[in-house]
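Below is one structure; the comments refer to it alone.
The values are calculated or read from the model by the stated rules, or taken from the named source; none is laboratory data. All values reported here derive from a predicted model rather than from experimental measurement. Cβ sites come from the backbone with ideal geometry, for glycine too, and all protein chains shown count toward neighbours. Ligands, DNA and RNA are excluded from the accessible area calculation, which covers all protein heavy atoms including side chains. Shrake-Rupley method; radii C 1.70, N 1.55, O 1.52, S 1.80 Å.
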Amino acid sequence: MVLLMYLTKEEEKMLDGEYGPAVQYAMKLLTKFGDVFGAERMVKIVHAHVSCTTYSIEYALVDWLDDLVKMGARVRVPTTGMITNIDLELWRELGIPEEWYKNTRRLIDHHIKMGFIREFTCTPYFVPGLFLSKGDHVAWCESSAIIFGNSVMGIRTNRECCQSALMAAIAGRTPEFGFHLIENRRGVVLVKVKTKLKSVTDFSLMGYHLAEDMGLRTPVFDGIPHATVEQMDNLAAAFTTRSGISMFHIVGVTPEAPTLDAAFQGDKPEDTIDFTQADLLNLYKRFREAEVPIQRVYIGCPHLNLKQVAEVARLINGKKVAKGVTFLVGTTRAVKRAAEEAGYADIIRKAGGYLISDTCGTAMRHSIGYPWGEPENWVFNGMKQVYYFKPGRGFIGDIKECVEAAITGKWRVIKDENSKR
Ligand code: F3S
């Protein structure tokens, strides 16, 4: 095989099999991958986030993972997994069929044998102890996490598939191309935000709206003086509905965009798009205005951080979820443990809700359906799940509105409330 990439002495040994068959196998795939994309060398990674964990999608990989484990594969960097189809801890309580537990368990056990951290989430950045620095190279799956990592944390990752991310985890390296190179991280489209964005919901709706026109082009937002982690988290997730972007910049907010000029790396934008008050109100009309009974509420798209779980607990404390409504709150295992210790989990349980980890509403619905039946109307806190649900039957609200819907069993947003903005 003629190799186009430069390899260090150590990497040559890895490729020659001196570090065992699994590392050799990983290096063979990674070097081929790098050659295809014109990478000149490998970069060491400090973390991997791998998506071979969702049985409904990755069932064909069980034998491949089995072979890797038999080869002695071990991850060389801290590695987390993407969500699974079920909550591996609460599956009985949630009424998940045992067959689904066994299938998912088998898939997950292969990951555990390879040394994965027991976290299966779309927000690896909310796993405590995994503090990453601007400029760190990682190999991440999960489109929303990739956008958040590149944009908000300033770490560098391409949009990995489960195989490439797992090979990078085993080799501790990934080919240097795409978003690992600073020149590919420049902004391409200028988005002038001409309305005041007030809530997480506003950011989520804007991301969904802009995604359609963005394709693979990196947007630069001008006109957002401040954005919270939660707002940017939901913006990232909403972009994944209809675009293939890997990052965004917010001038004066995100780490690689201290100025407009820096965000575009001195170039001119290829395109300019306005996001206006009229756009936002149209989105409100489409995804919020309704007065309907609801059967399901899911808060946790993307998986919540501890602050957000605390907010849910504060809002639902002493109240009860309405009869006929299933109330799910999704987070990471680490946040769930902290929420147990802080008493938040107990408050949510006493109200009749479920604090779940390892999965999300959509991942459960797309695989096993629901032990509680398919809902007519569903309220979510993120556009990604609204997009995946039945058109016209999913509504978006902030955490307060979602909790209110769970307690009353109704979604009620009328036109007058929107026009007060
Ligand atoms: Fe995460 Fe599921 Fe939303 S994977 S981003 S909670 S659709």
Residue pairs, Cβ under 6 Å, 6 or more apart or interchain, first in region 252-271 and over 14 Å from Pro225 (Cβ atoms), second open to solvent by 70 Å² or more (accessible area, probe 1.4 Å). List them. Pro255/Lys134
Restrict the check to region 138-158 and report whether at least one residue is surrounded by fewer than 24 Cβ atoms within 10 Å (Cβ to Cβ), basic (Lys, Arg), away from the ligand (no atom under 16 Å from the Cβ) and assigned by TED's automatic domain parsing to the domain that holds Ala26. no
Within region 181-240, take every residue that is open to solvent by 10 Å² or more (accessible area, probe 1.4 Å), within 18 Å of the chain's Cα centre (by Cα) and among the β-branched types (Val, Ile, Thr) and give me the one that is farthest from the ligand (Cβ to nearest atom). Thr228
Would you pick out the residues in region 280-334 that are small (Gly, Ala, Ser), under 16 Å from Val386 (Cα atoms) and more than 21 Å from the chain's Cα centre (by Cα)? Ala290
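From the list Gly397, Gly392, exactly one residue is more than 12 Å from the ligand (Cβ to nearest atom), modelled with pLDDT under 95, within 25 Å of the chain's Cα centre (by Cα) and not assigned by TED's automatic domain parsing to the domain that holds Trp91. Which is it?
Numbers: Gly397 fails: modelled with pLDDT under 95.
Among Gly397, Gly392, only Gly392 is more than 12 Å from the ligand (Cβ to nearest atom), modelled with pLDDT under 95, within 25 Å of the chain's Cα centre (by Cα) and not assigned by TED's automatic domain parsing to the domain that holds Trp91.
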Odd one out for Arg296, checked against (1) within 15 Å of the ligand (Cβ to nearest atom); (2) closer than 27 Å to Asn150 by Cβ: (2)
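Regarding region 160-169, can at least one residue be identified that is open to solvent by 50 Å² or more (accessible area, probe 1.4 Å), polar (S, T, N, Q) and not assigned by TED's automatic domain parsing to the domain that holds Gly20?
Taking every residue of region 160-169 in turn, none turns out to be open to solvent by 50 Å² or more (accessible area, probe 1.4 Å), polar (S, T, N, Q) and not assigned by TED's automatic domain parsing to the domain that holds Gly20.
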Within 28 Å of Asn305 (Cα to Cα) and over 18 Å from the mean Cα position of the chain (by Cα): does that describe Pro175? no
Search region 306-321 for residues that are touching a residue at least 60 places away in the same chain (Cβ under 8 Å) and closer than 17 Å to Glu401 by Cβ and pair each with any residue that is charged (D, E, K, R) and surrounded by 18 or more Cβ atoms within 10 Å (Cβ to Cβ) when their beta-carbon atoms are under 7 Å apart and the residues are at least 6 apart or on different chains. Gln308/Glu230
(1) under 24 Å from Gly115 (Cβ atoms); (2) free of Cβ contacts under 8 Å to residues at least 60 places away in the same chain all hold for Lys9 apart from (1)
Criterion first (within 16 Å of the ligand (Cβ to nearest atom) and at pLDDT 95 or above) does Ile356 satisfy it? yes
Listed by first then second residue, the pairs whose first member lies in region 403-421 and is in the same structural domain as Ala313 (by TED's automatic domain parsing) and open to solvent by 70 Å² or more (accessible area, probe 1.4 Å), whose partner is of a type outside the set (D, E, K, R) and modelled with pLDDT of 95 or more, with beta carbons under 7 Å and at least 6 positions apart or on separate chains, are Thr408/Ala322; Lys410/Pro293; Lys410/Ile294
Taking the residues in region 62-81 that are aliphatic (A, V, I, L, M) and modelled with pLDDT under 95 as candidates, determine which candidate is surrounded by the fewest Cβ atoms within 10 Å (Cβ to Cβ). Val62
Is it the case that Leu90 is over 16 Å from the mean Cα position of the chain (by Cα) and farther than 21 Å from Gly353 by Cα? no
